[in-house]
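What follows is a set of notes on a single structure, which appears directly below.
Every number here is computed from the coordinates shown, using simple stated rules; none is lab data. The model shown is predicted, which means the values in this text are computed figures rather than measured ones. All Cβ positions, even for glycine, are placed from backbone atoms using ideal geometry, and neighbour counts span all protein chains on display.
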Amino acid sequence: MNEELREVAVAVALAAGELVSAGRPDRVEVASTKSSPTDVVTAMDTASEQLLRTELARVRPEDGFLGEEGGHRPGRSGLTWVVDPIDGTVNYLYGLRAYAVSVAVVRAADPAARPDPATWTVLAGAVVDPSQGETWSAALGGGARLTDARGTRALTAPTGPELGQALVATGFGYDARRRAEQAAVVARLLPGVRDLRRVGAASLDLCSVAAGRVDAYYERGLKPWDLAAGALVAAEAGAVVTDFAGAAAGGHGLVAAARDLHPHLLRALADAGAGDPGVDDTGTDDGA
Ligand code: LIP
């Protein structure tokens, strides 16, 4: 079944990816804002989510749906589709190429409740990067794959360098106080690693860990839809994905790294204060 779910995730993510890339106007307007003035929504975010919601309701009518823009609709099957219609919306707004459509299906611990990364099981997922023509996918127990113009290949994450040689990706939230905390962590971590990368789309950062394009990625404050599919791609490729304490990842923290690097990075992040109590730290992964 997980392979069938992977195919559904890939098919609907490709359709939404085509919509947002072919339909991108030369000048993208901000339609509205959410948690802060820099947390923007474009008309394409909404159109992409509507396409995903409609297609998934057609092919999987019993399943639930949780989308970044439209919230949660419970299902009857015990499975819920968790979608980010455009991950990297600010990049999309500015015409930068690093944006993706992320689609995952999860089995939540409590089928009636809003799916929570700390307790859910991701069964399958797909991340479509229209600009690169790349489709990343994974099925629980079925491995991770990358499909591009050269064909489809299985992904196996490298074991990783020692910390001082590690190329680490990270990200910053939409809350200015949170960004100040994240900048302080970066200032403490940076001298101890090779370098940092800020791509602007968690789903692509996680897939880059799976492919060894970076050695690690960490971020705090992610929403369920930012991490659902990419975390499975990274884990199925053999990387380790946890929170700052080595437990299940979620909005309170996510660290994805090559297997041998992960414990060393966890220690360095703890020393840098990445998991310390901070702004807006409600402990819940409530995205809306
Ligand atoms: C983005 C994440 C990214 C984070 C941004 C933003 P969005 O998601 O993918 O990792 O640093 O602040 O949350 O808002 O483009 O879906």
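Specify the angular offset, from 0 to 90 degrees and rounded to the nearest 10, of the alpha carbon long axis of helix 176-189 from the longest principal axis of the alpha carbons in the chain.
50 degrees
Show the residues, 5+ positions off or on another chain, whose built amide H is closer than 5 Å to the amide H of Ala166.
Arg194
In nm, to one decimal, how far is the modelled label at Ser77 from the one at Thr156, with both set 7 Å along Cα→Cβ?
If labels sit at Ser77 and Thr156, their model points lie 3.3 nm apart.
Once you charge only the Cβ atoms, +1 for Lys and Arg and -1 for Asp and Glu, what is the size of the charge dipole of the range 1-154 about its Cα centre, to the nearest 20 debye?
Charge dipole of the range 1-154: 180 debye, to the nearest 20.
Quick one: grab the alpha carbon gyration tensor of the chain, order the square roots of its eigenvalues as a ≥ b ≥ c, and give me rounded if a/c is under 1.5, else prolate or oblate depending on whether a/b is larger than b/c.
Rounded, because the longest to shortest axis ratio a/c is under 1.5.
Might you report the magnitude of the Cβ-based charge dipole of the range 84-190 about its Cα centre, with Lys and Arg at +1 and Asp and Glu at -1, to the nearest 20 debye?
Magnitude of the dipole: close to 80 debye.
Share of antiparallel DSSP beta bridges in the range 163-272, in percent to the nearest 5?
Counting DSSP beta bridges with both partners in the range 163-272, the antiparallel share is about 55 percent.
Calculate how steeply helix 43-59 sits against the longest principal axis of the alpha-carbon atoms of the chain, using the helix alpha-carbon long axis, and give the answer as 0 to 90 degrees to the nearest 10.
Helix 43-59 sits roughly 60 degrees off the main axis of the chain.
Quick one: grab the alpha carbon gyration tensor of the range 126-281, order the square roots of its eigenvalues as a ≥ b ≥ c, and give me rounded if a/c is under 1.5, else prolate or oblate depending on whether a/b is larger than b/c.
Because a/c hits 1.5 or more and a/b exceeds b/c, the range 126-281 counts as prolate.
Determine the calculated [θ] at 222 nm for the chain from helices alone, applying -39500 (n - 2.57) to every DSSP H run no shorter than 4 residues and normalising by the residue count; nearest 500 deg cm²/dmol.
Helix-only estimate at 222 nm: -10000 deg cm²/dmol.
Order 215-227, 35-47 from most to least packed using the mean count of other Cβ atoms within 10 Å.
215-227, 35-47
Please report how far the C-alpha centroid of the range 143-201 lies from that of the range 40-84, rounded to the nearest whole angstrom.
28 Å
Quick one: grab the alpha carbon gyration tensor of the range 1-154, order the square roots of its eigenvalues as a ≥ b ≥ c, and give me rounded if a/c is under 1.5, else prolate or oblate depending on whether a/b is larger than b/c.
Oblate.
Going toward the positive end of the dipole of the range 1-154, with +1 on Lys and Arg Cβ and -1 on Asp and Glu Cβ, which of Pro25, Ala144, Val82 do you reach last?
Ala144
As I understand it, the value is the acute angle between the Cα axis of helix 224-236 and the longest principal axis of the Cα atoms of the chain; what does it come to in degrees, rounded to 10?
Once rounded, the angle reads 70 degrees.
Counting only DSSP beta bridges with both residues in the chain, what percent are antiparallel, rounded to the nearest 5?
Antiparallel: roughly 80 percent of the beta bridges in the chain.
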